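*Asks:* First the structure, then my questions, so here it is.
What follows is calculated from the coordinates using simple rules that are stated; it is not laboratory data. From a predicted model like this one, the values you see are computed outputs, not experimental measurements. All Cβ positions, glycine included, derive from the backbone under ideal geometry; neighbour counts span all protein chains shown.
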């Protein structure tokens, strides 16, 4: 596969950078081709602002959705954004790698999403009717491709467990996995997470590296997270509410948006 | 009260800016004092990088946690960050106002959190022992102060409902409300959210403005979200897992971290 790895850590000699190099080596050894967007090294601009829309006249209001739609449609997005879009179209798989800062991605990576995921490319795609509500959540420009996160958390693993005080890691990552990656169509693989990363020593690093190598060897075959397709019949359209009877009785929250049949299969494995 | 409003929208004539002005007017009319950090107008720098730590020598690795700890302890944080910390200490209440981009805050506001919430100030505070795991989640530097979000979502309200395809809005905002605001000690008020904001016309705007005025009149008295205190006995220390018997039977996810007694009281009201 062709793999794009988007990397967001300011230190070239960080533990995250070492893990990135482990991932790249293993992917290449397995026959994959890898390109890297190292956001800090590229001096990536994080903020959506007027400079992103050279077509906007000075007296026009900046409405980000409308400006993004217009710039994508007329091919007037800035060159840095166009280059990232080309990389996304080139790649069969996207990896976002970042340290978990305040329970989500660093600003520079959020700024990559905010700027690169343009209207007409990553959202605002497809027909809106009583049969379909756009090509999103399992459909869209990036459908058929795979994506996954590589995340370094400073806190203890237990603190991110099912009853841990931070909240479960899968729920903390849901707005990214489901809201950013599944939305434009990616099949989202389970994330690779390291915990207590600030306290790593040589043996802990080597154990994590070994686990990461194993994950990288299965990126083509591992089952994606079984999110429900928006237009596959599970949701009322256009309210986009999950139909009664789907999901565990009395359940609420993010877990509703996983297909039970697949969850049972995974639990049985 | 003294209120700091941190605002993150690139357009001074946006709907978000109009709602901000409505909030400020109402707060001032009620006798509160308001200061604003308008991040785009300030040219806020979003990325944590070496420029944030002038004390770091050129051959030293940038470890963000260690660098933040050292810079806060030695008073060598950059002036823009120091100014924001002074505002946070001055204010009795913090409001973060932003459009919901990809189910969370824009990069520029995440960058404000990443840079201003320094080690020793917003995290890494207090004793770590078998009795307490730091001053966090209800305790900390900002304890006794209030905080809330004002959020403009583009999507339909139903899509953010209990069974909506995007996930429930309270769960999407949990990493911010609980992970960013409650963590350093704030009492977190229920968020003020507008939906379908991109389709607002004059009557819809006026209805939202009226609802916002009412919310601003109660900021001093409204009950905070009843998150559990980390060191109050509900969690095992140091695993920080919620004790057996707490939370609804079989429940998982973010809802576990709300006190049931308070939830029942709120539901009965």
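*Asks:* Give the dimensionless ratio obtained when the Cα radius of gyration of the protein assembly as shown is divided by 2.2 N^0.38 Å.
*Replies:* Dividing the Cα Rg of the protein assembly as shown by 2.2 N^0.38 Å gives 0.94.
*Asks:* Sticking with this structure for a sec: Antiparallel versus total DSSP beta bridges in chain A: what percent is that, nearest 5?
*Replies:* Working: 4 of 28 bridges.
Here the antiparallel bridges make up roughly 15 percent for chain A.
*Asks:* Please report, for residue B:157, the nm distances (one decimal) from its label point, 7 Å out from Cα along the beta-carbon direction, to the equivalent points in the remaining copies, shortest first.
*Replies:* Sorted ascending, the copy-to-copy spacings read 4.4 nm.
*Asks:* Give the whole-number value, in cubic angstrom per residue, of the convex hull volume spanned by the C-alpha atoms of chain B. Spell out each step's value before the answer.
*Replies:* On the way: hull volume 40.1 nm³, N = 269.
That works out to 149 Å³ per residue.
*Asks:* Nm distances between the label at residue B:35 and the same-position labels in the remaining copies, 7 Å along Cα→Cβ, shortest first?
*Replies:* Here the equivalent label points are 4.6 nm apart from this one.
*Asks:* Test of understanding: ordering B:259, A:35 by Cβ neighbours within 10 Å, fewest first, what list do you get?
*Replies:* A:35, B:259
*Asks:* Mind sorting B:218, B:78, B:141, A:104 by how few other Cβ atoms lie within 10 Å of their own Cβ, fewest first?
*Replies:* Values: B:218 11, B:78 14, B:141 22, A:104 25.
The fewest-first ordering by Cβ neighbours comes to B:218, B:78, B:141, A:104.
*Asks:* For region A:18-146, what Kirkwood radius comes out of the mean inverse Cα-Cα distance, in Å?
*Replies:* Numbers: mean 1/r = 0.0603 Å⁻¹.
Evaluated over region A:18-146, this radius sits at 16.6 Å.
*Asks:* What is the antiparallel percent of DSSP beta bridges lying wholly in the protein assembly as shown, to the nearest 5?
*Replies:* Numbers: 10 of 58 bridges.
Around 15 percent of the beta bridges assigned by DSSP in the protein assembly as shown are antiparallel ones.
*Asks:* Using 0.36 nm times the number of residues separating residue B:28 and residue B:49, minus their current alpha carbon distance, what extension gain do you get?
*Replies:* Values: separation 21, 0.36 × 21 = 7.56 nm, distance 3.72 nm.
Value of the extension gain: 3.8 nm.
*Asks:* While we're here: Going by a ≥ b ≥ c, the root eigenvalues of the Cα gyration tensor, does region B:65-109 fall in the rounded group (a/c under 1.5), the prolate group (a/b larger than b/c) or the oblate group?
*Replies:* Numbers: a/c = 2.97, a/b = 1.58, b/c = 1.88.
Cα axes put region B:65-109 in the oblate bin.
*Asks:* Let me ask something else. Using just the helices of chain B, give the 222 nm mean residue ellipticity in deg cm²/dmol: DSSP H runs with n ≥ 4 each add -39,500 (n - 2.57), and the total is spread over all residues, rounded to 500. Present the calculation step by step, with values, prior to reporting the outcome.
*Replies:* Values: 8 runs with 84 residues, N = 269.
Result for chain B: -9500 deg cm²/dmol, rounded to the nearest 500.
*Asks:* List the distances, in nm to one decimal, from the label point of residue B:223 to the label points of the same position in every other copy, shortest first, placing each label point 7 Å from Cα along the Cα-to-Cβ direction.
*Replies:* Ordered by increasing distance: 4.2 nm.
*Asks:* Counting other beta carbons within 10 Å of each residue's own, what order do B:229, A:228 fall into, fewest first? Show your work: numbers first, answer last.
*Replies:* Details: B:229 15, A:228 22.
If I rank by nearby Cβ atoms, fewest first, I get B:229, A:228.
*Asks:* Related question: If you average the sequence gap of Cα pairs under 8 Å that are 6 or more apart and divide by the length of region A:2-224, what percent do you get for the contact order?
*Replies:* On the way: 339 pairs, mean separation 49.0, N = 223.
Normalised by residue count, the contact order of region A:2-224 is 22 percent.
*Asks:* Moving on to the next point. Partner chain Cβ atoms within 10 Å, averaged over the residues of B:62-70 - can you pull that number for me? Write down the numbers at each step before the final one.
*Replies:* Values: counts 7, 6, 9, 5, 1, 2, 0, 0, 0.
Averaged over the peptide's residues, the number is 3.
*Asks:* Still on this structure, I have one more. Per residue of B:152-165, what is the mean number of Cβ atoms on other protein chains within 10 angstrom of that residue's Cβ? Each step should come with its number before you reach the end.
*Replies:* On the way: counts 0, 0, 3, 1, 4, 1, 5, 7, 1, 5, 6, 15, 7, 18.
Counting other chains' Cβ atoms within 10 Å and averaging over B:152-165 gives 5.
*Asks:* FRET efficiency for residue B:213 and residue A:66, Cβ-Cβ distance as r, R0 = 30 Å, nearest 0.05?
*Replies:* Values: r = 28 Å, r/R0 = 0.93.
Calculated transfer efficiency: 0.60.
*Asks:* What average count of beta carbons from other chains do you get within 10 Å of the Cβ of residues in A:42-51? It would help to have the intermediate numbers written out before the result.
*Replies:* Details: counts 0, 2, 3, 3, 9, 14, 8, 5, 3, 1.
For peptide A:42-51, the averaged partner shielding equals 5.
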